[in-house]
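**Q** Below are the structure tokens for one structure; questions will follow.
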Amino acid sequence: MRVHVIGDSLAKLSTVRAMLERNGSITSELIGDAELKNGSIDAVVLAVDLGVVDNITAIKRIEKRLHRIGRRIFILDRRSRLSTVQAFALGATAVLFAPVGRAQLLATLIDKKPHDAFAGEITRDGQEAAAIGAACIASMFSSVMGGAPIDVKGIRGTGQKIADSVAEDGLSNWLATVRRHHEGTYQHCLLVTGIAVDFGLSLGLSRADLERLYLAAMLHDIGKAAIPLTILDKPGRLEPHERALVETHPAAGYEALKDTAGMTPELLDAVRHHHEFLDGSGYPDALLAENISDIVRILTISDIFAALIEHRNYKPTMPRPQAYQTIQGMNGKLEKPLVTAFRDVALTR
Ligand SMILES: [Fe+2]
Ligand SMILES: [Fe+2]
């Protein structure tokens, strides 16, 4: 059997190669340089961390050639439904989780049936929606990085699933599910979307407005796609030049989306202006109250609350009452009646 191995580290390449070497001809390359030029192979094994956006971008780059190979086995670093959904979305025919044994890998290479490691497991709808949401955000980020158009219809459908889950199971369940299963920017975007949906529901927004709101929430930080993870995930304070770079994300997001089919002026406005404050102290355009739309005001409150309560490995999660207090203390920046209306969402729903 001719097997090609792609990995995101030399250690992974040599581990997988060592397992297969006695059973056929093995070639390999690192994901960063992967070209998959040799078409005459029976199977490809990808041992990569799908939590790394660069890896997803690299896989998408070789997607066409990858799909021509009959068996595509992904070995993932962690057992998670999100990574599994992502792997199948990227073309996996089977998914395994490290550490993988030799016998298991050989059996999977020979097995022709499509194989979902999670098949038959009972998962709650919320987990499903969160996994689909995270996969959607991941693919949105990698599209923007690769200069490919983003799929607005797909994002709308995913937003609808998140809205259903929040409406059915309540915000608290959504927050718990997302914080338990997702990290970093994906976690943040999912939290903002759930909070914005619940805020919108509590305000009695129309269906059309609610849809605008969750689309805006899913897209709002898309400009972070261009910012290195070492800065986005840096524990503690950012240096001034790092902060300046982070603050480019609303305008960068706007630029990335402005020519996208299906994008509306109000969505672009939300992406560009979700860090503006009523008193003119926000960025990038230092807008004053009269230029900040209702949907942006709702989004901004949801965004700040999500950032305060998100789960980070290096800091404890801020309790919801304390996060709400922080928002209440932002005098002059946020709309007072909206902050008051947010109380229920923040504390009890
Ligand atoms: Fe942001
Ligand atoms: Fe944000």
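Here, each number is a calculation from the coordinates, and none is a lab measurement. Small disclaimer: the values here were computed from a predicted structure and weren't measured.
**Q** Identify which of 110, 155, 301 has the largest mean-square fluctuation in a Gaussian network model of the chain, with springs joining Cα atoms closer than 10 Å.
**A** 110
**Q** Evaluate the relative contact order of the chain (contact order divided by residue number), counting alpha-carbon pairs under 8 angstrom at least 6 apart; express in whole percent.
**A** The value is 11 percent.
**Q** Sticking with this one: Going by the alpha-carbon gyration tensor, a ≥ b ≥ c the square roots of its eigenvalues, is segment 6-102 rounded (a/c under 1.5) or, if a/c is not under 1.5, prolate (a/b greater than b/c) versus oblate? Could the numbers behind the result be given before it?
**A** Details: a/c = 1.42, a/b = 1.12, b/c = 1.26.
Rounded.
**Q** Cα gyration tensor of segment 190-273, axes a ≥ b ≥ c as square roots of the eigenvalues: rounded (a/c below 1.5), prolate (a/b > b/c) or oblate?
**A** Oblate shape, in that a/c is at least 1.5 and b/c is the bigger or equal ratio.
**Q** Considering only C-alpha atoms, what is the centroid distance from segment 180-228 to segment 239-287, in Å?
**A** One Cα centre to the other: 15 Å.
**Q** Among the complete DSSP H segments of the chain, which ones combine at least 20 Å of alpha-carbon extent along their axis with a mean Kyte-Doolittle hydropathy of 0.5 or more?
**A** Membrane-span-like by this rule: 125-145, 184-202, 294-309.
**Q** Count the lysine pairs in the chain whose Cα atoms lie under 22 Å apart, taking only pairs 8 or more positions apart in sequence or on different chains.
**A** So the count works out to 15.
**Q** Applying the Karplus parametrisation 6.51 cos²θ - 1.76 cosθ + 1.60 with θ = phi - 60° to the phi angles of segment 224-234, what ³J(HN,Hα) value in whole Hz is obtained for each residue in order, glycine and proline being reported as x?
**A** Per residue, the Karplus-derived 3J(HN,Hα) values read 6, 4, 8, 9, x, 4, 4, 8, 4, 9, 5 Hz.
**Q** While we're looking at this one, here's another question. Helix-only estimate, please: 222 nm mean residue ellipticity of the chain, summing -39500 (n - 2.57) across DSSP H runs of length 4 or more and dividing by its residues, to the nearest 500.
**A** -16500 deg cm²/dmol, from helical runs alone.
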